[in-house]
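In what follows, a single structure is set out as structure tokens and then discussed.
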Amino acid sequence: GGTLVRLGTSSDCLILRIHSTDRTRLQAYSIVGGVAQGSAATAVGSLASDTRYAFAVSYAPGRIALSLNGGAVVAATPAAMPAGMSALAVGGGAFPVNGYIERLACQPFAVSDAELQRLATLATYGG
């Protein structure tokens, strides 16, 4: 799929990507020891050209949560979370994301669902 952000190595990481099969879902999940763990996915419909999207993801032990454009939070419970993540990669995968990432912020703590929705609202960033 089109990887937007990967935190960690390919075998132990947290990933945010556009789903590889139908390319209509934004997906957040973890990989531990090369095995994919729980996944939170939200439908984005057809991704339109020249359209801005805002999304936010929160990872905490036992929970991955995702909001798109300030919509309802979708959460999953992974069996395990990776440890010792020290690398950040932006972009990549079999289907590259052609466009711009206007803002990217990584914080070392999880946020509430309300804050996740606020962070995933375009108005938060002036648009």
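Quick notes
- Extreme residue, farthest from ALA76 (Cα to Cα), among residues of segment 37-64 that are modelled with pLDDT of 85 or more, open to solvent by 70 Å² or more (accessible area, probe 1.4 Å) and not in a loop (DSSP other than H, G, I, E, B): PHE55
- Test: ALA110 is assigned to a loop (DSSP other than H, G, I, E, B), modelled with pLDDT of 85 or more and in contact with a Lys or Arg (Cβ under 8 Å, 6 or more places away or on another chain): yes
- TYR29 satisfies every condition listed in (1) surrounded by 20 or more Cβ atoms within 10 Å (Cβ to Cβ); (2) at pLDDT below 80 except (2).
- Residue match in segment 95-107 (condition: modelled with pLDDT of 80 or more and within 21 Å of SER11 (Cβ to Cβ)): yes
The values are calculated or read from the model by the stated rules, or taken from the named source; none is laboratory data. Note that the coordinates shown come from a computational prediction; the quantities given were computed from them, not determined experimentally. No Cβ is skipped: glycine too gets one built from the backbone with ideal geometry, and neighbour counts run over all protein chains shown. Just the protein is used for accessible areas: all its heavy atoms, side chains included, with ligands, DNA and RNA removed. Shrake-Rupley method; radii C 1.70, N 1.55, O 1.52, S 1.80 Å.
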